1. In the chain, what percentage of the DSSP-assigned beta bridges are antiparallel, given to the nearest 5?
2. Kindly identify the range 319-468 as rounded, prolate or oblate by the Cα gyration tensor criterion: order the square roots of the eigenvalues as a ≥ b ≥ c, call it rounded if a/c is under 1.5, otherwise compare a/b with b/c, prolate if a/b is larger, else oblate.
3. Kindly identify the chain as rounded, prolate or oblate by the Cα gyration tensor criterion: order the square roots of the eigenvalues as a ≥ b ≥ c, call it rounded if a/c is under 1.5, otherwise compare a/b with b/c, prolate if a/b is larger, else oblate.
4. With +1 on each Lys and Arg Cβ and -1 on each Asp and Glu Cβ, and nothing else charged, work out how big the dipole of the range 270-358 is about its Cα centre, in Debye to the nearest 20.
5. Which of LEU256, LEU507 comes first, and how do the rest follow, when ranked by fewest Cβ neighbours within 10 Å?
6. Scan the range 424-463 for trypsin sites (Lys or Arg not before Pro) in coil per DSSP, keeping those whose Cβ has at most 12 other Cβ atoms within 10 Å, and list them by number.
7. To the nearest 20 debye, what is the magnitude of the charge dipole of the chain about its Cα centre, counting +1 on the Cβ of each Lys and Arg and -1 on the Cβ of each Asp and Glu?
8. For the range 80-113, list residues with backbone N below 15 Å from a point placed 7 Å from the Cα of LYS191 toward its Cβ?
Amino acid sequence: MGFITSHLVILWLGLLSISCGASVGLAARRHKHWPVGGSTRFYEFKVQTTKVTKLCYTKEIVTINGMLPGPVIYAQEDDRVIIKVTNETPHNATIHWHGVRQRLSCWSDGPSYITQCPIQSGETFTYEFTMYQQKGTLLWHAHISWLRGTVYGAIVVYPKTGVPYPFPHPYEEHILILGEYWNKDVLQLEKAVLASGGGAPPADAFLINGHPGPLYNCSANDVYKIDVVPGKTYLLRLINAALNMEHFFSIAEHKLTIVEADGEYTKPFTADHVMLGPGQTLNVLVKAEKPIGNYQMATGPYMSAQNVTFQNISSIAHFQYSGAAVDSLSLEAKLPVYNDSLVVSRNLAGLRSLNATNLPLEIDANLFFTIGLNVERCNRADPNKTCQGPRGGIFAANMNNITFVKPTISLLQAYYKSVNGHYTEDFPGVPLKTYDFVNGAPNNIPNDTQSLNGTRVKVLEYGTRVQLILQDTGTVTTENHPIHLHGFSFYVVGFGTGDFNPMTARLNLVDPPYMNTIAVPVGGWTAIRFVADNPGVWFMHCHLEIHISWGLAMAFIVKNGNGPLETLPHPPSDLPKC
Ligand code: C2O
């Protein structure tokens, strides 16, 4: 097959011996006030076109260094990370380091047309940032068009040397990164979907570490496997890198104990299944304490929206005890029904920070954003052409009824250099109209479901303590949306079903989880809090890629502060040009 799959097994050989691509003492472009002590980790990413055979079908996909999933970035807390990205494909590319808070390094965040112009064919851009006060499991992925369908990988940040995990040390660690795979070219797929005005076609398979598992057409031998020793405890670093699908995950007969979510420790919480929206990560401990055998690990869809066709066959991998007969039948993993939102809310309620330091108890800015889909009128130039959205309209999506329009140069450059005409600063802090967002939403498609279009941002003064309510709407369909904020983690202080009601909402101001992507409950709301103490332009969007394409996004501009380490540095000299 001529195709390399990365080995995502991490053997823990003591805190000093991290299996890292390279660790060199480069003189970094380190800010002079940065805490010193971390190492510098240098990686080279070549964006390449690679031939793969999956499901008995050979095609070319875009990869990093020929790998699916791509290479793992290893670091320790406070390390400097430098990744030189060279684009050897004909497509534009950028890479985003999802969950890296990019303290004073917004230029290296990566979302195309937000913090940078794309790296064009043949060009190079070097990303550089510090894992400042961060550790845990995160991910990186392409952040332009639908390229992240095949361009993604794990980020593993260990604690500083000598600092243990806050749980018994696992015998071994493994990365399991969930993906979504189409036999068609994802970039062409995106074009076709957007041209049609309709929904995204279902994936041909889901993947675990690049392998679909035995249940799809012609995939019997393309299965990922973890070998385990009876009696030992394993740390699994679960990452959902799927394009358009939220995923359940479970292991037959085994319980999963969540100890970290989105790269922040949690109080241990044990569940039979977990759900991850795209962009979310969970570290779970699993004890190999069952009779010797071969157990399935399964991932399958969580689909809360109405009237969507989707792939409902699970991707299977194996959790195989040493001593089990190689050809022994594997015990079947049971996943919740695809629309079991109760499992999702029960798990969310179980997520508690281990220590919620710096949770803002007072609030300067009270924001309220609705999130949801809408339908625009079909106004194609060709009268014979039909639009394939609901009732002959065009699918769109919005926040506070504003459909995000991608600018033509990056917002960060426009802001930094005060170039007029690329965005407006009037993104509304609250909805322009108030109504029963969930049950009384306008639904006379397309007549009353059109949104306003624009590249609108919300400006925040440095240090603003923000509370933001994310409210799902019932226009077209209610749906669980995984909302991701760049540049910050936020405390998830509350969530519920129906419309947010400040009189009755119960908030957790003691130990809320600290996350970077929150799956807002279907037909419900979530309250998040963060301190806007990182200057730059920060994208916030639904992490279902089709919803970004439809405009479910906005951006914050966080202004510089006055103190030291409160000003965004100059752009790097190799920042790509548009
Ligand atoms: Cu992981 Cu803007 O995305």
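1. Within the chain, antiparallel bridges account for around 70 percent of the total.
2. Judged from the Cα gyration tensor, the range 319-468 comes out oblate (a/c at least 1.5, b/c at or above a/b).
3. Cα axes put the chain in the rounded bin.
4. Computed charge dipole of the range 270-358: roughly 240 debye.
5. LEU507, LEU256
6. Here the sparse-neighbourhood loop sites are LYS433.
7. So the magnitude is around 580 debye.
8. 90-92
Where a number appears in this text, it was derived from the coordinates with a stated rule and is not lab data. The shown structure was predicted, so the numbers you read here are calculated from the model rather than taken from an experiment. Note that each Cβ is placed from the backbone with ideal geometry, even for glycine, and that neighbours are counted across all protein chains shown.
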